[in-house]
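Report on one structure; see the data block that follows.
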Amino acid sequence: MKHLLSTADLTREEAIAILDIAEEMRESSTRAIKKLPALRGRTVVNLFFEDSTRTRISFEAAAKRLSADVINFSAKGSSVSKGESLKDTAQTLLAIGADAVVIRHPDSGAPARLAATDWIGLPIVNAGDGTHEHPTQALLDAFTLRRQVALRDGTSPAGRGLDGLKVAIVGDILHSRVARSNLWLLNTLGAEVTMVAPPTLLPFGAGSWPCAISYDLDAVIASGVDALMMLRVQGERMNAAYFPNPREYSRYWGLDDARLAQLDASGAETLIMHPGPMNRGLEISSAAADSPRSTVLDQVTNGVAVRMASLYMLLSGDLI
Amino acid sequence: MNENSVPDAARTVLTGDDIERVLTRVAFEIIEANKGTDDLVLLGIPSRGFPLAQRLAARIAATAPGNLDPASLVGQLDITMYRDDLRHSTTRTPSPTRLPAGGIEGKVVVLVDDVLYSGRTIRAALDALADWGRPRIVRLAVLVDRGHRELPIRADHVGKNLPTAKSEKVRVHLAEIDGKNEVVIEGAA
Amino acid sequence: MNYLIQQASILGGEPVDVLIADGKIAQLGSIAAAGDAQVIDARNLVLLPGLVDTHTHLREPGREDAETVETGSQAAARGGYTAVHAMANSTPVADTAGVVEQVYELGRKAGWVDVRPVGAVTVGLAGKQLSEIGAMADSRAQVKMFSDDGICVWDPLLMRRALEYVKAFDGVIAQHAQEPRLTEGAQMNEGEVSAILGMPGWPAVAEESIIARDVLLAEHVGARLHVCHVSTAGSVEIIRWAKARGIQVTAEVTPHHLLLTDEKVRTYDPVFKVNPPLRREEDVMALRAGVADGTIDVIGTDHAPHPSEAKDCEWGAAAMGMTGLETALSIVQHTLVDTGLMGWAGVARITSQVPAQIGRVADQGRPIAIGEPANLVLVDPAARWIVDPAAMATKGRNSPFAGMELPGSVRATFFHGHATVLDGQLATPRTANA
Ligand SMILES: [Zn+2]
């Protein structure tokens, strides 16, 4: 693996290898001494052109647990916002002595562009690009799901995919890099995906995606799903005519108390997932977010393990 | 390589029976050095060090008074993240580290591996061990010592000293992993 | 200098000799005596009227780092052109007689092609107030084509007034059809590829709705409308319908929309970022069919050179546009001739005759006949060449065809009888007043 740009680039074997390595990484984080020396002397740069404290600290923790040095480069309020190009910024990092670049960028494809050009010859990790992809988020979601299902079934998660699991991804699919990355990875790992959203928040052209598409959250919940992935609805969508108002959105597409009660009454083992940060009361109610079904905090913990596995794979040799 | 062809000068240096005999001797050496089984912990280094450690533990437990559970003596120590060649070799998937219930704090830990060669694996194992606790004594038992050390490391218990050329390959096959028990040398001139 | 072109295939027909003397076609047929004329062996070469581009961005004044009238004219000559329409979105905008005369003079002094400035429809391309269309039409630049290209004349009332007003000057409004609200932040064609790439989409309907509105306005006021760079199958349908109704509409397609699709965007290489965006395979095929059946009248390159820093960056930060002058004829041959959709006479019609008529360009797009101005291009249709942007005359390195092997090469270009290109290489400009 040279870069981690899109989950569409991962074979099933590679994806499972990352999840398996992440299992070991997660185990190591339960020890008294959490640090591993694998990347000692290597430098990982977190190059963030967009604010995302959560993702940045998760990558930072992952790199530090592997003993890498971490340089955080926030492009906001720096020379970049004064017109310095991505190329110049990247080459500056190379000159500083970076060994890998974790990049968050508001433009779809910016990490792929960085990887495809001769600007720098370093491994690139896409930490979220525009409305394109966020592969480590999808990996941590798959990791969480695999682990939870193994726990439920009393088996070991190692070496397994997500075959036969039913996952509904609910909300602002159009603007969600998490939805795209999850779609490809869940497919690769054998899960069945249903996208649930108002038609205005589904991309034109999504009809060719390898998933079912529904406008009816209640029908999808009633059909029985192993996990509901609730996506964040961003505030700026309110004023752009995607839906009339927050109340109507949560009435039709929010995981509210009534739908939580419906899940509980049906005896379903459905997990509730959310990439965070949550808009409580909009796409997810507090009761749903805090219910025993919720994996929200587990996802955060697993995020560090998955990012450790990703950095480890990129900064060591090819996978056997 | 054709499946039916025999590798150039592949030579069996230990048969399955030889391995059994050698392990029995090493088990007794370990007990003797430790003056019994108290505080003893055998940690195998993946992948073939672990079944060797299990076999040694079974022998050692059998000599102890009462019903000593071999599983209480044995564990596995993963060293993948401690290797000094991560940058140059292919990516290795780490294995779990499993310590016996009593842990390793203040114990006599015997690291068990199949082949002792450059010593770098053992260097990594000592680093890994330090992150898990502080044993009272650390010893090293190996099935084969083939020489060519690159670090000041030596084994306390050696099944067989095997003079080799650097161009040769020593292959250890264990039934738990490989379906058969033998040690062969390949590529000898 | 006079030239005797021997055994050229005029519009792909039987080989004949052509004598160029004093800027005109002096003789046609079997010509024995060369006199002092330079002999050009044109066996297996096709002779066409010099190409006329309806849509060129020469960048001067204002962005001489991207292109100048001189370098752009050189690129045009290399591509077989003898006239180009220079779009109005320069800095300052070509919205006064002063600016269009400046561009016209720069073109005349450069001497590689006829540079016909396009005037802005609205002051500063701002879409608020008509620019001085009459003054530009009556200027030395003789502007007949008016366009806010780069920006759509969106206000329906303003568009109606513009269409009406240019009638007084025999002008035409060339519309860049792009509904602005439907394309806010748009980066590429809206479709299956944009859905996967997570790029804000540019729906076909944003183009088609403006074209539908504009052909109805042109019908209502009885004016001429030219639709720039048609890019969708739906647009072709609407124009076909409008022509059947007798509406005075002409339509243009770019070479790149005849060949490339939005699949190219998967590379995230901004060399493929262009306005209107690359569309689907179905659109490419509908555009070719539209050219073949006459629904689309002309090829316009939309030659849009950019300095390298405008493309050597991430997609979102990159400028839109591609160079096209030096590859246009090859792409036309590749997509329309070699596919059997049209012959060389058809090529002459869409690249020269009709473009000259739309822009009312005198002495261009004329028949190849005795006494006509010698604006001609000799093409080797059997040649194959690999596109190398660094070897081009344009300052722009942003060719989407870089590295591709294309058929057909321009061997010679004659601009009023003067060879601007000989042996496939730039020769000399025609001196002003020659
Ligand atoms: Zn345009």
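The values are calculated or read from the model by the stated rules, or taken from the named source; none is laboratory data. Bear in mind that the values here come from a model prediction, so they are computed numbers and not experimental data. Because the Cβ atoms are built from the backbone with ideal geometry, glycine has one as well, and the counts that use them run over all protein chains shown. What goes into the accessible areas is simple: the full protein's heavy atoms, side chains included, and nothing from ligands, DNA or RNA. Shrake-Rupley method; radii C 1.70, N 1.55, O 1.52, S 1.80 Å.
Here A:ASP141 sits with roughly 0 square angstrom of accessible surface, probe radius 1.4 Å.
Across C:HIS176, B:HIS173, C:HIS334, the residue with the most accessible area heads the list, and the full order at a 1.4 Å probe is C:HIS334, B:HIS173, C:HIS176. With the simple spin-label model, which puts each label point 7 Å out from Cα in the Cβ direction, the B:LYS180 to C:ALA34 separation comes to 8.5 nm. Secondary structure note: in the protein assembly as shown, about 30% of the DSSP beta bridges are antiparallel. Separation of the stretch A:1-69 and the stretch B:16-41, taken as the distance between their Cα centroids, equals 41 angstrom. Derived from the Cα gyration tensor, the three semi-axes of the equivalent ellipsoid of the stretch A:97-248 are 27, 24, 12 Å, largest first. Could you state the angle between the C-alpha long axis of helix A:12-28 and the longest principal axis of the C-alpha atoms of chain A, as a value from 0 to 90 degrees rounded to the nearest 10? So the inclination is approximately 80 degrees.
Over all distinct Cα-Cα pairs of chain C, the Kirkwood formula returns a hydrodynamic radius of 21.4 Å. What is the diffusion coefficient of the stretch C:186-330 in µm²/s, taking the Kirkwood radius over Cα pairs and the Stokes-Einstein relation at 10 °C with a viscosity of 1.306 mPa s? So the translational diffusion coefficient is about 101 µm²/s. Helix B:49-63 axis versus longest C-alpha principal axis of chain B: approximately 50°, rounded to the nearest ten. Lys-Lys pairs in the stretch C:50-359 that are eight or more residues apart or on separate chains and whose Cα atoms lie under 17 Å of each other come to 4. Candidate cross-link partners of B:LYS166 among the aspartates and glutamates, defined by an alpha-carbon separation under 14 Å and a same-chain spacing of 8 or more, comprise B:ASP145, B:GLU150, B:GLU186. Figure legend: label point modelled 7 angstrom from the Cα of C:ASP65 along Cα→Cβ; residues of the stretch C:284-327 with amide N under 19 Å from it are C:304-323. Once the C-beta distance of A:VAL300 and C:MET404 is scaled by a Förster radius of 51 Å, the resulting FRET efficiency is 0.60 to the nearest 0.05. Each DSSP beta bridge with both residues in the stretch B:18-164 is either parallel or antiparallel, and the antiparallel ones are about 5%. Is any residue of the stretch C:402-434 close enough, with backbone N under 20 Å, to a label point placed 7 angstrom from the Cα of C:LYS109 along the Cα-Cβ axis, and if so, which? Residues C:428-434 fall inside that zone. Considering all projection directions equally, how large on average is the shadow of the alpha-carbon convex hull of the protein assembly as shown, in square nanometres? Result: a mean projected hull area of 49.8 nm². Between C:GLN7 and A:ALA8, the modelled label-to-label distance comes to 5.3 nm, taking each label 7 Å out from Cα in the direction of the beta carbon.
Close amide H partners of A:GLY276, meaning residues 5 or more places away or on another chain with modelled amide H under 5 Å apart, do not exist here. Convex hull of alpha carbon positions in the stretch C:255-326: directionally averaged projected area 4.9 nm².
Note on B:ASP127 and B:ARG149: the model spin-label points, each 7 Å out from Cα along the C-beta direction, lie 1.9 nm apart. Cα extents for chain B along the principal axes, largest to smallest and rounded to whole angstrom: 50, 39, 28. Chain A has equivalent-ellipsoid semi-axes of 32, 24, 17 Å, by the square roots of 5 times the alpha carbon gyration tensor eigenvalues, sorted largest first.
If a spin label sat at a point 7 angstrom from the Cα of B:ALA10 along the line to its beta carbon, the backbone N atoms of the stretch B:168-189 nearer than 15 Å would be those of B:169-174, B:178-188.
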